[in-house]
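Please read the structure below before turning to the comments.
The values are calculated or read from the model by the stated rules, or taken from the named source; none is laboratory data. Quick caveat, the model's predicted, so the values are computed rather than measured. Positions of Cβ are generated from backbone atoms using ideal geometry, with glycine treated the same way; all protein chains shown enter the neighbour counts.
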Amino acid sequence: MGSDDYRRESGDSISARLTYLLIGGGIGAILALLFAPKSGQELRGDIAEATRKGIDRSREAAQQLGDRAGEYYESTRERAAELYSTASEKVGEVARTARESASRQTGTVAAAIDAGKKAYQEEKRKTELSGRREAAPKYDETTN
């Protein structure tokens, strides 16, 4: 990410420098025209020409900045798509792992419930059998 920051900073620096260059060139051209010994008509023509050149340069600079902004947009969009894809994969993995873990836990809980039911039924059967033996009449052979 450090190299991206460097490119972004240098890109901002270049656009700022280009803007300052155009402004300085425009100011210099106007001052040169104002202090040059020319007739009024020539001076107005030179000012109009300098203005046209300044406008053309500004359009070129705006076009370059627009192109650069489009490039930044595309690279950022691609990076966001990559990050989204990676995040989706990670979320899918986590969800799958959670489902598997829940499935294992459900199996363990179900097995514990089944074991508890079996133990209960066994104890109930034992209790019923012991209750029948105690309730059954006892015959002693000595009483006969």
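Observations on the structure shown:
- Which numbered condition LYS118 fails, given (1) at pLDDT 90 or above; (2) within 51 Å of the chain's Cα centre (by Cα): (2)
- Considered as a group, the residues in segment 34-61 that are small (Gly, Ala, Ser) and free of Cβ contacts under 8 Å to residues at least 24 places away in the same chain include one that is nearest to SER15 (Cα to Cα), and that residue is ALA48.
- Residues of segment 18-74 that turn out to be in contact with an Asp or Glu (Cβ under 9 Å, 6 or more places away or on another chain) and exposed (fewer than 11 other Cβ atoms within 10 Å of the Cβ), as a count: 1
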